[in-house]
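The values are calculated or read from the model by the stated rules, or taken from the named source; none is laboratory data. Computed from a predicted model, the values in this text were never measured in an experiment. Here the Cβ positions follow ideal geometry from the backbone for every residue, glycine too, while neighbour counts run over all protein chains shown. Calculation scope for accessible area: heavy atoms of the full protein, side chains included, ligands and nucleic acids excluded. Shrake-Rupley method; radii C 1.70, N 1.55, O 1.52, S 1.80 Å.
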Amino acid sequence: MQTKVPIATLLATLLLIFQGCGDSSSGPDETETTEVTGTVTAPDGDTPLAGATVYISGEEGANKVVAKAKGVSSSTLNDDDCVEPEESYAAYTCTEADGSFTFDVPVSSSDVLLKIFKGIFAFEQTIDISGGSGEIGEVNMPGASESFNGEIVVVEGAWDRMEDILAKVGFGEVETDDSSPGYGQLVPGTEQFDLLDNSTPLFEDNDGDGKRDLFNYDIVFINCGASELPVYPNKAKAHNHAAHLKSSGGTEILSAEDRDALRTYVEEGGILYATDLAYDYVEQTFPSFVDYYGSEDTPADEREGFGNAEVGNSGIETDGTVLQDNLESWLANVDCFEGESCLNSDDTVHITDFLAGWGVIEGPHSGTTDAVTEWVEGDVEWSGGSGVRPLTVSFEAGEGSVFYSSYHTVESEFTPNWRPQERLLQFLVFE
């Protein structure tokens, strides 16, 4: 006995068979892509921003981009140097040492929204790729007020001016009139950050929110010579760099409560930068990471005596070895002085203007070698000794980071041009 199959059912079955024969692939159809190339520069409009993540959002409705496959990070960067976007994306890559980037972008519109971030700085720019052209040229990171949803504070010092570094970066204006007494320095009033003449307000609750004002900031810079004690010498006096702590009789830089606050600030995501004599903010708060000069009998998790590491000799210079490939590659792509290379012919970097009593680092504490990043080391001299020592180090504590350099900006002669050791500090601003 034959069973009759309804015509509609038969047609549907044949249609499925034909579809299966004609297309055995799975997934969405191929999406048109455009190769996008460009160069990202720092807010100064000239310095390449290396290791910045560049991506196209893949969120629904964010722009006319079809999310297809993950982007591939740059082939010439270490994997750790290219940070993957946390939000959904269609494609991403990272900038090279010269700030350049290239990647294939899946698009269905002539206007594409590029998102760019480096460290805790981020910005966006809409690009026009109509006509199939993806060469967008220079993408300039805006100033701190537009690229950073947070607050920066600089504590002034007697012997360093990191505020000038931030101005040269583009977070302020630099005086270029060589007849001005402020030549080569931050033009007062143009800074895109708070400027304090001492660190005391950071550990007070001036806004009455129940927390120290330190927590109002995302990045804290503390200059060498920042006031540490009520008896700290007046800035207008001649240099007393080596003896200022020895004559003060002080035993600690901050109270136990303030040290706890600074530690909590970093562990909750804050970033601390300190130079030279301000090392005590690091040693007294985070003693277990960096081994500063002092007693060999002091356990790694206990802080050394206040000011014990301030034994560096004055008047020395050194050609420092750059220990991180990404920093060395970047230095090879920026200029110092007036169009000169920032690196010596042997790829070392010249560091000068050490003042008497600069803070000497022995190295990472035993057991923290993997936790501490050494950026630059040099052959230096100190009271009773000499040898190769780390000169710039950093480490992560909780969600935040700490950076320290034994040297600082060249104070003896200001200039709007970059000096090699200033370039080192500039690079770390975005790390």
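So here's what we get for this one:
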read-out: Two-site label geometry, Ala332 and Asp370: point separation in nm, points 7 Å out along Cα→Cβ; value: 2.9
read-out: Of all accessible heavy-atom area on segment 353-394, the percent that carbon and sulfur account for (1.4 Å); value: 38
read-out: Residues in segment 367-405 that a label on Glu267 would reach, taking backbone N under 19 Å of a point 7 Å out along Cα→Cβ; value: 368, 371-372, 395-403
read-out: Burial ranking of peptide ranges 278-288, 134-144, 178-188 (average Cβ count within 10 Å, highest at the top); value: 278-288, 134-144, 178-188
read-out: Charge dipole magnitude, Cβ of K and R +1, D and E -1 - segment 118-180, Cα centre, debye nearest 20; value: 300
read-out: Residues of segment 106-188: accessible area per residue with a 1.4 Å probe, Å²; value: 42
read-out: Accessible surface of segment 275-318, 1.4 Å probe, proportion on carbon and sulfur as whole %; value: 36
read-out: Gain in span if fully extended, Thr33 to Asn417, counting 0.36 nm per residue against the direct Cα distance; value: 134.1 nm
read-out: Solvent-accessible area, 1.4 Å probe, carbon plus sulfur percent, for segment 179-226; value: 44
read-out: Residue-normalised accessible area of segment 352-423, expressed per residue, 1.4 Å probe, Å²; value: 36
read-out: FRET E, pair Glu340, Val388, Förster distance 41 Å, beta-carbon r, rounded to 0.05; value: 0.95
read-out: Cα-projected label distance for Glu151 with Asn206, points at 7 Å along beta-carbon direction, nm; value: 0.9
read-out: Residue order for His350, His365 - accessible surface, 1.4 angstrom probe, largest first; value: His350, His365
